[in-house]
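What follows is a set of notes on a single structure, which appears directly below.
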Amino acid sequence: MKHMQTYFWMLLLVLGINDAVFANEPDSVYLVSYATLHDKGRSGLRFAWSADGKNWNLVGNGNGYVKCAFGHQKYINSPYLFQDVSGVWHCVWELNDTVNQFAHVSSTDLVTWDRQAYPYLKQKQQFRRPVVQYDKSSRQYTIAFLSGNQYFKITTSDFKTFDEAVAIPASAYKDDRVTLNLPGAATVTGNVCKVAWQVVVKLTEAWQIKQYKDKQAKESFLQDSIRFNGLKPLTATVSLRPENRKPISDLLIGVFFEDLNYAADGGLYAELVQNRDFEYEPREKLYRDSSWNSSHSWTISGQYLGFTIDSTAPLHSNNPHYAVLDAKQPGGALINSGFDGIPLKQGDRYDFSLFAKNYDGNSRDLLVKLVTQDGKELAQARLHIDSRKWKKYSTMLIARANAKDARLELQPLSAGRLMLDVVSLFPEKTFKNRKNGLRADLAETISAIHPRFIRFPGGCLAHGDGVENIYRWKNTIGPIETRKPQPNIWGYHQTVGLGYFEYFRYCEDIGAEPLPVIAAGVPCQNSGLLTGVCGQGGGIPMNKMDEYVQDILDLIEWANGPANSKWGKIRAEAGHPAPFNLTYIGIGNEDLISDVFEERFTMIYKAIRQKHPEITVIGTTGPFHDGTDYGQGWALATQLQVPLVDEHYYEQPGWFINNQDYYDHYDRNKPKVYLGEYASHGNTLYNALAEALYLTNVERNGDVVRMTSYAPLLAKEKYTQWNPDLIYFNNTGVKPTVNYEVQKLFGNNAGNEYLPSVIKLSNEDEAVRKRFGISVVRNTNDGSVVIKLVNLLPVATSLKLELGELTAGSKADRSVLQGQPGDKLLPVTVTATSVGNILEETLAPYSLTVWRIHK
Ligand code: AHR
C-alpha cells in the first residue's frame, strides 16, 4: 500500500531508527510464536526472537501481529506456526469447545496476513493443541490434535481442503512447544522456528510504523499549547485554479441510519406504546433481564383484573403473543408506560388502535385513557369490542394538557375476557403527517442535513447475530400486525414497524436516494451472543442461497417495478403505486472477507448485475482503513469490478488530521468509494473540525469518493450503547452535536465540481499546515461557489482569496462555527453578505467558515 510506504520512509527519515536498532545483524535467529493466556489470545499472535535459543527478546514489544476474527470471542488458543515447503507461513489454533472448527491463516512475511478460515471437522470433536508437520513422501501436511483423551490427525496438501480426522496413537503426537521466560518475567508457551533475521527486521519495522501512526492519531488539542507555543496569528493567501476544475460526486453527504441506541423503536419511529405486540423475548437480553418478556412495559391496576399472555389463536403467525384480560368486575386497567413515559402535547391528536376479540361473543366496552403519573386523566375514548374474531378498533385521543411521561390505560368496562394485540398510539403530527410515520422533530433534524442518500437498516443490524437474525426486508413490509419482529443485534427488540416501506418513503420525502444494505449471505463477524454458538456459522447454506438471491431481486422489483408486477403490486397496495427509483444497493457490511463470504457475495453480485445492470452495487471492505479485510475486500471488489465499495473507520481526531492524503493515492481505475461509516472519537468542536478538515480532502477526492455518512446517527439518552453519535435525543427533545453542525454545513453546501486552489501560509511548519484546510466547490446547477475553510489552530488566520471572475459583486452567505476546542454544543452563525473579487477575512481560532457565493 502506498500509505504504508509513505509512513515507512517518513519513519526512517524522521526517527532514523533502523540503523541504530539493527547493528551487527545475525543471519538467522529462533522465533517463538505464542498467544497470551490471560486474554485467551485475544490480543493476537505474538513473537519473540533469540540468537542462541536461551535469551529471548520481544518482537515489537509483544505486539499482536494477527488477531482472531472468529465470532465475538476472538480467541487464539494454542497457536502453532509452521512454514510450508514454498515458504508460506501457516498458523492454526483452537477456537472453543462449542464449535467443531479450528482456525487457519497464512502469511508470506508474518506482517501481512491472508484471510482467515475456520474449517469444520467432519465429526463432532474438540480440536486442541494442534501440531503441524510435513510428510515429504506424501507431500502432505498433517495437523495432529487432541480431542478428549484421544489424539487425531487431519491431512491437507493446500490448507484449504482437509481430510477427515483419523485417530492416532499418543506416540505419534509430538508437541514441540516450549515454555519460555520472556523479558518482563512473562512465561509463555509456543513453538519455535528458525527464521532469517530479516523476518524479525520486517516485523520490527511494521511495529514501528504502527507506533508512529498511533502517536499521530493521539495528537489532541490538549497538546496544542505546547505544540503551538509562541505561534503568531497567520496569514493565508489562496489562489484558485478554476482551469483545473474536475467533476465530483453530487452525493457526497448522506446519512446512515441504524436501529442502535433505541434509534428506531422509542426513537425515530413515532409509536408511543412500548412492546405493543407483546413480542419482547428474554433472549433479546441474553436472558439477563427477567423483566424482558412478553409483558414488558405492561402492568395492571385493580385487584379484579387478570392479565396473561397467550399464543393459542394469534392475530398472525408472525406475531404469536397477545394479551388476555380477565375482568372479574370492572375497575382495573392494563397500563403501558411507553418508552419511559408517553410524551403528550396539549391539544394534539393521537391515533389509537388495537386488535381485539372477545372470548364468548358478548360485546364489551373498553375505556382507553391517557393519564399522568399521578392519575390525572388527559384524554379518553370508548371502544365497543363486538367481535369474537380479531378485529381492528381505532379512535382518536386529544391531549388536554402537556405531559412528559403519561401512560396509556385500557380499562374493560364489564366483567369477562378480552384478547388484545398490537396496541398502538401515534401522534397525528408525524413527519409529513404520515401514518405509521416518524417522529417529526427527529426526522426534521436529519432532513436538515440535506442528506443526498440514506443508508439503512444497518450496520451490524443488517447482517445480524447468526444466520437466523439476518435482516430480511420481506418481514418488514405490509400491515404492521403481519410484520415479523425480531431480536436486535444490539440487545433489544425490533418491531420492524419502521420497515422498508417507511425507510423508502422517508427517503422520498426528503429527496434522498434510498441505500438499503443487504447481508451478503453471512451474518455479522462478531456473531454468537444471541445464538450461543460463536462465529458466522458458515453463512446461509448454499442450497438456500438461490432463494436468498431471489429475495434481493424481488426487492428491486418491489422498489422499482410497475404497479402490476408481482412485487410492485405489493408496494402499490401499501399506498405507493409509483416506483421508488432505487439505484444503489449495499451488499454486506464490514464482513470478514472469507471464502464463505466470497462465494455468497459473488453469487449475489453477479445475479444483480445480470438481471439489473441499472443498479449500482456497493461492496464491502471490512471494519478498518487497513488490514486483512480491507485488503481482501478491495481485491475481491477489484476483481469483480464492483462499482463502489463501502469503507468504515472510527478513529481519533489525530488520525483524520494526519491522513488527509488518504484518498489522494487511490487508483482512479478501481472501484469508487462510499465512506459508509466514519467518526472521530468524540463530540467536541475539535473532533468536529477534524472531521471537517477531512471532508475538505474528501471533496478534493470527490472523483473517487462518491458518498460519505457519519456514524452512528441517533442515540437516545439513557439508552446510548455507542458513543459518539451525531444526534442525541430524549422523549421530548433533540440535541444535535457539534459534529452534526459540520455535517449540516457540508450537506447544505455541496457542489458537483471541485476547483483546486493553492495555499500559501505565513508559517509552513507541518503541524500548522495540516491544521488549515480549504475546499472550493461549485454547483453547476445554480452557479453558486462554496468555499469551506477550516482553521484547527489556536491562532487566527487572516485570509486573502482572489476569486477573479468567479464571483464579482455577488451575494453571499457566510456561516461560521467557532469556539473552544473542547466545546460540545455551539451555534452556527449565518450572515447574509456580499463579496467582490477578493475575499478577505479573519478566520477565528478553531473554526469552520463556509462562504456560499450565489450567482
Ligand atoms: O455504527 C455502529 C456500528 O459500527 C455498525 O453497526 C457497524 O457496521 C460498525 O461496526
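Contact map, the range 711-735: first residue within 21 Å of residue 402 (Cα to Cα), second residue more than 11 Å from the ligand (Cβ to nearest atom) and of a type in the set (Lys, Arg), Cβ cut-off under 7 Å, separation 6 or more or different chains; pairs are 729/716; 729/735; 730/716; 731/404; 732/404.
Only a single criterion out of (1) touching a Lys or Arg at 6+ places or on another chain (Cβ under 9 Å); (2) surrounded by fewer than 20 Cβ atoms within 10 Å (Cβ to Cβ) is not satisfied by residue 850, namely (2).
Of all residues in the range 64-109, those that are over 10 Å from residue 41 (Cβ atoms) and among the charged types (D, E, K, R) total 3. Checking the stated criteria, residue 144 turns out not to satisfy the condition of being at pLDDT 95 or above, more than 22 Å from residue 106 (Cβ to Cβ) and among the aliphatic types (A, V, I, L, M).
Let me confirm something: among 678, 719, which residue is closer than 18 Å to residue 588 by Cα, within 15 Å of the ligand (Cβ to nearest atom) and either hydroxyl-bearing (Ser, Thr, Tyr) or over 15 Å from the mean Cα position of the chain (by Cα) (or both)? Give the steps one after another, and end with the answer.
Working: 719 fails: closer than 18 Å to residue 588 by Cα.
Testing whether each residue is closer than 18 Å to residue 588 by Cα, within 15 Å of the ligand (Cβ to nearest atom) and either hydroxyl-bearing (Ser, Thr, Tyr) or over 15 Å from the mean Cα position of the chain (by Cα) (or both) leaves just 678.
When the range 451-489 is filtered for residues that are charged (D, E, K, R) and under 25 Å from residue 572 (Cα atoms), the ones remaining, listed by number, are 452, 455, 472, 474, 481, 483, 484.
Taken as a whole, the condition of being surrounded by 21 or more Cβ atoms within 10 Å (Cβ to Cβ) and of a type outside the set (A, V, I, L, M) does not apply to residue 382. Those strands (runs of 3 or more DSSP E) of the range 278-384 in which at least 2 residues are of a type in the set (Phe, Trp, Tyr), considering only elements entirely within it, cover 349-358.
Kindly evaluate residue 189 against the criterion of being in a strand (DSSP E or B), exposed (fewer than 15 other Cβ atoms within 10 Å of the Cβ) and of a type in the set (Val, Ile, Thr). Against the criterion (in a strand (DSSP E or B), exposed (fewer than 15 other Cβ atoms within 10 Å of the Cβ) and of a type in the set (Val, Ile, Thr)), residue 189 does not qualify. The residues of the range 600-642 that are surrounded by 21 or more Cβ atoms within 10 Å (Cβ to Cβ) and over 23 Å from residue 556 (Cβ atoms), listed by number, are 621, 622, 623, 628, 629, 630, 632, 633, 634. Just one of (1) within 16 Å of the ligand (Cβ to nearest atom); (2) of a type outside the set (D, E, K, R); (3) surrounded by fewer than 23 Cβ atoms within 10 Å (Cβ to Cβ) fails for residue 479. It is (1). When the criteria are applied in full, residue 137 fails the requirement of being farther than 20 Å from residue 591 by Cα, touching a Lys or Arg at 6+ places or on another chain (Cβ under 7 Å) and of a type in the set (Ser, Thr, Tyr).
What residue, among those in the range 681-716 that are in a helix (DSSP H, G or I) and of a type in the set (Val, Ile, Thr), is nearest to the ligand (Cβ to nearest atom)?
Within the range 681-716, the match that is nearest to the ligand (Cβ to nearest atom) is 698.
For the range 574-582, the count of residues that are out of contact with any strand residue (DSSP E or B) (no Cβ under 9 Å at 6 or more places or on another chain) and outside any loop (DSSP other than H, G, I, E, B) is zero.
Search the range 427-474 for residues being acidic (Asp, Glu) and surrounded by fewer than 20 Cβ atoms within 10 Å (Cβ to Cβ), and hand back the single one that is farthest from the ligand (Cβ to nearest atom).
In this case the residue turns out to be 428.
Among the residues of the range 748-757, is any assigned to a strand (DSSP E or B) and closer than 27 Å to residue 650 by Cβ? Yes, some residue in the range 748-757 is assigned to a strand (DSSP E or B) and closer than 27 Å to residue 650 by Cβ.
Name the residue, out of 760, 788, that is more than 16 Å from the ligand (Cβ to nearest atom) and surrounded by fewer than 22 Cβ atoms within 10 Å (Cβ to Cβ).
Numbers: 788 fails: surrounded by fewer than 22 Cβ atoms within 10 Å (Cβ to Cβ).
None of the other options fit; the residue is 760.
Inspect all residues belonging to the range 514-521 and state whether any of them is crowded, with 21+ Cβ neighbours inside 10 Å, more than 16 Å from the ligand (Cβ to nearest atom) and over 24 Å from residue 280 (Cβ atoms).
Here is the first cut: in the range 514-521, the residues crowded, with 21+ Cβ neighbours inside 10 Å are 514-521.
Filter once more, keeping what is more than 16 Å from the ligand (Cβ to nearest atom): 514, 521.
Next, from what is left, pick out any that are over 24 Å from residue 280 (Cβ atoms): 514, 521.
Looking through the range 514-521, at least one residue is crowded, with 21+ Cβ neighbours inside 10 Å, more than 16 Å from the ligand (Cβ to nearest atom) and over 24 Å from residue 280 (Cβ atoms).
Which residues, taken from the range 213-257, are within 16 Å of the ligand (Cβ to nearest atom) and outside any loop (DSSP other than H, G, I, E, B)? Scanning the range 213-257 gives 254, 255, 256.
Of the residues 762, 775, the single one that is within 22 Å of residue 255 (Cβ to Cβ) and in contact with a Ser or Thr (Cβ under 7 Å, 6 or more places away or on another chain) is 775.
I need the full set of residues from the range 722-738 which are assigned to a loop (DSSP other than H, G, I, E, B), within 14 Å of the ligand (Cβ to nearest atom) and surrounded by 18 or more Cβ atoms within 10 Å (Cβ to Cβ), in order please.
Initial filter on the range 722-738 (assigned to a loop (DSSP other than H, G, I, E, B)): 722-726, 730-733, 737.
Narrowing further to those that are within 14 Å of the ligand (Cβ to nearest atom): 722-726.
Residues satisfying the conditions are 724, 725, 726.
The values are calculated or read from the model by the stated rules, or taken from the named source; none is laboratory data. As the structure is a prediction and not an experimental result, all values here were calculated from the model. For neighbour counting, all protein chains shown are included, and Cβ atoms are generated from backbone atoms with ideal geometry for every residue, glycine included.
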